[in-house]
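This report concerns only the one structure given below.
Rule-based calculations on the coordinates, nothing more; no lab input. Fair warning: this is a prediction, and the values are worked out from it, not measured in the lab. Don't worry about glycine lacking a Cβ; one is built from the backbone with ideal geometry, like all the others, and counts go over all protein chains shown.
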Amino acid sequence: MTTKLLVVDDEPHMAEITAETLRRAGYAVDVAGSGTEALARARSSAPDLMLLDYEMPDMQAPEVLDELRLGADRVAFPVIVLTGARHSPSDQVVAIERGAFDYIAKGTDREVLLARVRGALRERASVHRVVVRGRLRIEVSKGQAFLGSTALKLERRPLLMLEILASREGEAVTRAELLERVWGSSYKGFEHSVEQAAYELRRSLKEPGWIETVRGIGYRLVRQA
């Protein structure tokens with residue numbers, strides 16, 4: 001089955017350039033010219049991945065992401081935010097914390113764009129990742145984690161962070177590695193996002209001892225009885 005992508009951009013020429021690049025790589029690509037149209041298309045037939053312009057006349061990317069998450073803990077498919085003007089770290093943080101998978105500039109080299117798309121699709125296609133540590137069970141592909149019989153309410157990045165920590169139980173995982181593997185960035189401005197994710201994990205687990213801060217290094221998972 002052909003992988004279906006949705007390009008969202010209010011600039012028709014730019015949208016077609018991006019869409020044609022993706023079509024030549026073998027993807028089936030639809031185009032939407034506004035946030036409202038993107039939401040309608042996503043709800044009628046969800047794409048495998050969305051490339052979303054940050055600034056549009058009707059909605060900005062964070063608003064679209066909020067609507068896509070409405071009634072759910074996470075966006076059901078990866079979203080890569082494209083920007084022509086919004087390059088500041090704070091804009092990137094906002095988009096990623098609202099559920100975007102990645103954030104790249106318009107005009108990025110074709111091979112880099114395709115690599116980012118393939119990376120996002122690869123993660124979505126991982127269907128068998130299950131980690132069990134005592135009472136803790138993590139199923140990243142389903143967006144689920146359980147402590148005993150209790151389902152944990154976690155968004156995608158805290159869930160990925162929990163899976164990494166659990167897969168290396170007892171080992172200190174650095175903030176730098178978590179940034180790279182979960183947020184796809186080495187930018188230190190995202191360190192607050194790592195701390196926030198650790199807070200969300202502890203709050204959801206309701207047993208703070210599972211997630212231990214290793215001062216000056218990062219975090220580790222400590223199995224609780």
Any idea which of (1) more than 21 Å from the chain's Cα centre (by Cα); (2) more than 14 Å from Leu113 (Cα to Cα) is the one Ser45 doesn't satisfy? (1)
Take the residues of the stretch 52-67 that are closer than 19 Å to Ala120 by Cα and of a type in the set (A, V, I, L, M): which is nearest to the chain's Cα centre (by Cα)? Leu65
Enumeration of residues in the stretch 138-157 that are part of a loop (DSSP other than H, G, I, E, B) and of a type outside the set (Gly, Ala, Ser): Leu152, Lys153, Leu154, Glu155
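Tell me the residue from Asp10, Asp30 that is surrounded by fewer than 18 Cβ atoms within 10 Å (Cβ to Cβ), part of a loop (DSSP other than H, G, I, E, B), charged (D, E, K, R) and in contact (Cβ under 8 Å) with a residue 12 or more places away in the chain, please. Spell out how you get there, then give the answer.
Numbers: Asp30 fails: part of a loop (DSSP other than H, G, I, E, B).
Just one listed residue meets the conditions, Asp10.
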I'd like to verify a number: residues in the stretch 206-225 that are touching a residue at least 60 places away in the same chain (Cβ under 8 Å) and more than 14 Å from Leu178 (Cα to Cα), how many? 5
